[in-house]
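What follows is one structure encoded as structure tokens, with my remarks underneath.
The values are calculated or read from the model by the stated rules, or taken from the named source; none is laboratory data. As the structure is a computational prediction, the values presented were derived from the model and not from experiment. Please note: Cβ atoms are built from the backbone with ideal geometry, for glycine as well, and neighbour counts cover all protein chains shown. The area values use the complete protein model at the heavy-atom level, side chains included, leaving out ligands, DNA and RNA. Shrake-Rupley method; radii C 1.70, N 1.55, O 1.52, S 1.80 Å.
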Amino acid sequence: MITTRFAPSPTGYLHIGGLRTALYSWLWARHNNGKFLLRIEDTDMARNSEEATKAIIQAFDWVGMEYDGEALYQSKRFDIYKEYIDRLLSEGKAYKCYMSKEELDELREEQMARKERPRYDGRYRDFEGITPAGIEPVIRIKAPIGGMISFVDGVKGEINIASSEVDDFIIARSDGTPTYNFVVAIDDALMGVTEVMRGDDHLYNTPKQIVVYNALGFELPRFSHLAMINNEQGKKLSKRDGATDVMEYKRNGFLPEALLNFLLRLGWSHGDQEIFSVDEMKKLFEPSHISKSSSCYDMNKLLWLNAHYIKETPNEKLVEMLKDFGVDLSGDERRESILTATKERGKTLVELATQINLIIEKPTQYNEKDMKKAIKEDTIDILNDFAKLLMDSKDSLKTPADFHHALENFVATKEIGFGKIGQPLRVALLGSMSGAGLDEIMNILGVDESTQRIKRLVDSIS
Ligand code: GLU
């Protein structure tokens with residue numbers, strides 16, 4: 001069985017890099033009918049917050065990524081880690097090291113002077129003398145002395161790291177608390193994780209974790225290290241570029257389907273297909289198509305996907321979602337025609353809400369630049385005539401097509417260009433020259449409201 005996991009450190013919100021790692025792990029588990037587990041790496045008491053854990057779980061809920069069983073908290077597992085530390089000690093695979101801070105500093109300086117990489121020199125590895133008094137020892141694991149530590153990475157291929165790069169690292173501090181690489185290896189092994197997917201900023205933790213696996217006789221999982229997401233300049237993604245809290249995307253009017261689709265393609269491909277439903281993702285996802293090189297965050301691509309998913313969303317569901325953005329169409333009989341007129345114009349729910357408000361709320365002011373452009377000497381007469389035409393043919397104006405013909409007839413009879421009526425009419429109805437199609441807007445507003453808005457503009461010009 002394939003078992004994957006996501007193991008966030010709750011030191012802040014879940015950002016999109018983390019969500020992508022989680023997504024790949026989740027998809028690979030679901031693809032195989034396997035298990036996807038959540039482990040909260042909260043051993044760093046000073047930097048963790050419960051709020052951050054809640055935010056991570058909330059983000060998972062929002063995107064619909066469900067994990068199997070209960071989330072596991074490292075902070076509740078110290079007894080387990082202690083057991084394994086004791087076991088390694090009693091088997092002679094780990095040992096107490098009594099080096100003082102001063103001695104460590106001295107060693108480091110000597111090594112640096114010789115232009116060597118600082119590493120522990122193993123002086124207590126097989127120590128048999130009398131241990132110094134007054135020092136609480138740390139516990140170090142015996143790392144292999146010669147040869148290579150090798151593994152086949154699911155993304156990067158074969159990785160060989162000289163054992164000399166990995167010293168006898170500390171697995172328990174002098175206060176007894178276990179260290180990061182030690183607990184990660186123990187947990188992944190005990191949770192039965194078969195595939196560890198994580199960012200490649202963790203690549204150099206892996207040989208250390210392999211030392212722990214080997215010392216305890218655990219079977220190695222497959223490791224896959226994902227290349228980073230960069231900004232459009234090829235630099236590390238910053239908060240400003242979009243490396244923010246996943247829930248910020250919700251607040252900014254993105255749909256979870258769009259965000260998942262975006263993240264899926266940010267580092268994975270299936271031919272040149274761009275749009276993937278969640279079911280399709282589960283069916284098609286395969287780690288062998290994860291990209292080896294870093295990917296580039298492209299906001300326009302995300303907006304394009306979001307526009308696509310907004311268009312695909314049934315109106316009933318949009319009505320519900322729009323409530324969070326200050327638009328409640330649930331009691332409005334015109335909701336179908338309002339959404340039909342605006343749905344293609346919002347790249348986000350925020351934009352869609354703006355488009356809808358333009359229609360359902362009377363303009364309170366007119367855009368000055370657009371006024372200058374739209375209002376000519378003859379505009380008042382043209383608007384008044386058009387308002388009269390609307391009133392006179394009120395009974396026959398029932399669909400957008402009817403309004404369309406009315407407009408066409410109007411410009412034909414008057415022998416004027418369309419802009420002469422189209423531009424000021426748009427300002428009259430919406431306050432500016434943006435928004436949905438005029439015939440659709442008039443159909444939604446009806447003749448009375450449309451003529452009232454025209455008259456208000458006429459009054460304000462006169
Ligand atoms: N807790 C680590 C992080 O948030 C992830 C460790 C792992 O996936 O092995 O970066």
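Net charge of the neighbourhood of Ile135, taken over other residues with C-beta under 12 Å away and scored Lys/Arg +1, Asp/Glu -1, is -1.
Using R0 = 35 Å, the C-beta based FRET efficiency linking Ser238 and Thr413 works out to 0.05. Annotation: aspartates and glutamates with alpha-carbon distance below 19 angstrom to Lys239 (same-chain offsets under eight excluded): Asp201, Glu248, Asp298.
Averaged per residue, what accessible surface does segment 8-133 expose to a 1.4 Å probe, in Å²? Each step should come with its number before you reach the end.
Details: 7110 Å² over 126 residues.
I get 56 Å² per residue for segment 8-133.
Against the chain, whose longest principal axis comes from its Cα atoms, helix 400-414 is set at around 50 degrees. Within the same chain, lysines fewer than 8 places from Lys282 are excluded, and of the rest, those with a Cα less than 18 Å from its Cα are Lys35.
What the phi angles of segment 145-153 give under the Karplus curve with 6.51, -1.76 and 1.60, with θ = phi - 60°, is a coupling list of 8, x, x, 10, 9, 10, 7, 9, 7 Hz, glycine and proline written as x. In the context of the full set of protein chains, residues of segment 241-294 present 42 Å² of accessible surface per residue (probe radius 1.4 Å, heavy atoms only). Let me know the shape class of segment 279-375, please: from the alpha-carbon gyration tensor, a ≥ b ≥ c as square roots of the eigenvalues, rounded when a/c is under 1.5, otherwise prolate if a/b is greater than b/c, or oblate. The shape class here is oblate.
Residue separation times 0.36 nm, minus the C-alpha to C-alpha distance between Glu280 and Ser434: what's the value? Spell out each step's value before the answer.
Details: separation 154, 0.36 × 154 = 55.44 nm, distance 3.67 nm.
Going from the current span to full extension adds 51.8 nm.
The rule of thumb for compact globular proteins, 2.2 N^0.38 Å, goes into the C-alpha radius of gyration of segment 203-356 1.35 times.
Computed on segment 139-287, with alpha-carbon pairs under 8 angstrom and 6+ residues apart, the relative contact order is 19 percent. Would you be so kind as to identify which of Tyr84, Ser100, Leu72 lies farthest towards the positive end of the dipole of segment 66-130, taking Lys and Arg as +1 and Asp and Glu as -1 on Cβ and the Cα centre as origin? The Cα lying farthest towards the positive end belongs to Ser100.
When you filter the chymotrypsin sites (Phe, Trp or Tyr not before Pro) in segment 100-146 for DSSP loop state and at most 16 other Cβ atoms inside 10 Å of their Cβ, you are left with Phe127.
Is the shape of segment 359-462 best called rounded, prolate or oblate, per the rule: a/c under 1.5 gives rounded, else a/b larger than b/c gives prolate, else oblate, with a ≥ b ≥ c the square roots of the Cα gyration tensor eigenvalues? Verdict is oblate for segment 359-462.
When the helix-only estimate is applied to the chain (DSSP H runs of n ≥ 4, each -39,500 (n - 2.57), divided by the residue count), what is the mean residue ellipticity at 222 nm, nearest 500 deg cm²/dmol?
Numbers: 18 runs with 216 residues, N = 462.
It lands at -14500 deg cm²/dmol.
Solvent-accessible surface of segment 395-451, averaged per residue with a 1.4 angstrom probe and all protein chains in place: 41 square angstrom.
Got a number for carbon plus sulfur as a percent of segment 314-371's accessible area, 1.4 Å probe? C and S fraction of accessible area: 44 percent.
Net charge in the neighbourhood of Tyr73 (other residues with Cβ under 10 Å of its Cβ; Lys, Arg +1, Asp, Glu -1) is 0. A Förster distance of 22 Å, applied to the separation of the beta-carbon atoms of Glu248 and Asp61, puts the FRET efficiency at 0.90. Think of each Lys and Arg Cβ as +1 and each Asp and Glu Cβ as -1; about the Cα centre, that makes the dipole of the chain roughly 540 debye. Counting 0.36 nm for each residue step from Asn300 to Arg119 and taking away their Cα separation leaves a gain of 60.5 nm. Using a cutoff of 8 angstrom between alpha carbon atoms and counting only pairs six or more residues apart, the relative contact order for segment 100-173 works out to 30 percent.
Would you work out if segment 237-296 is rounded, prolate or oblate? Take a ≥ b ≥ c from the square roots of the eigenvalues of the alpha-carbon gyration tensor; rounded if a/c is under 1.5, else prolate when a/b is larger than b/c, oblate otherwise. Taking the square roots of the gyration eigenvalues as a ≥ b ≥ c, segment 237-296 is oblate. Exposed loop positions in the chain were taken to be GluC sites (Glu not before Pro) whose DSSP state is not H, G, I, E or B and which have at most 13 other beta-carbon atoms within 10 angstrom. Between these positions, the longest stretch is 233-332. Once backbone amide H atoms are built at 1.01 Å from N, Gly199 has Leu226 as its partners under 5 Å, excluding neighbours fewer than 5 places away on the same chain.
Quick one: which of Lys388/Lys420; Lys250/Lys323; Lys236/Lys311; Lys347/Lys373 span more than 22 angstrom between C-alpha atoms?
Details: Lys388/Lys420 16 Å; Lys250/Lys323 13 Å; Lys236/Lys311 32 Å; Lys347/Lys373 27 Å.
The pairs that break the limit, which is 22 Å between Cα atoms, are Lys236/Lys311; Lys347/Lys373.
Rounded to the nearest 10 degrees, the inclination of helix 78-90 to the longest alpha-carbon principal axis of the chain is 30 degrees. Against the chain, whose longest principal axis comes from its Cα atoms, helix 180-190 is set at around 80 degrees. With only the Cα atoms considered, segment 1-108 has a convex hull volume of 169 Å³ per residue. Local charge for Asn367 was computed over the other residues whose Cβ lies under 15 Å away, with Lys and Arg +1 and Asp and Glu -1, and equals +4. With contacts taken as Cα pairs under 8 Å at a separation of at least 6 residues, the chain carries a relative contact order of 13 percent.
Under 12 Å from the Cα of Lys398, which aspartates and glutamates turn up, not counting those fewer than eight places away in the same chain? Correct list for Lys398: Asp439, Glu440.
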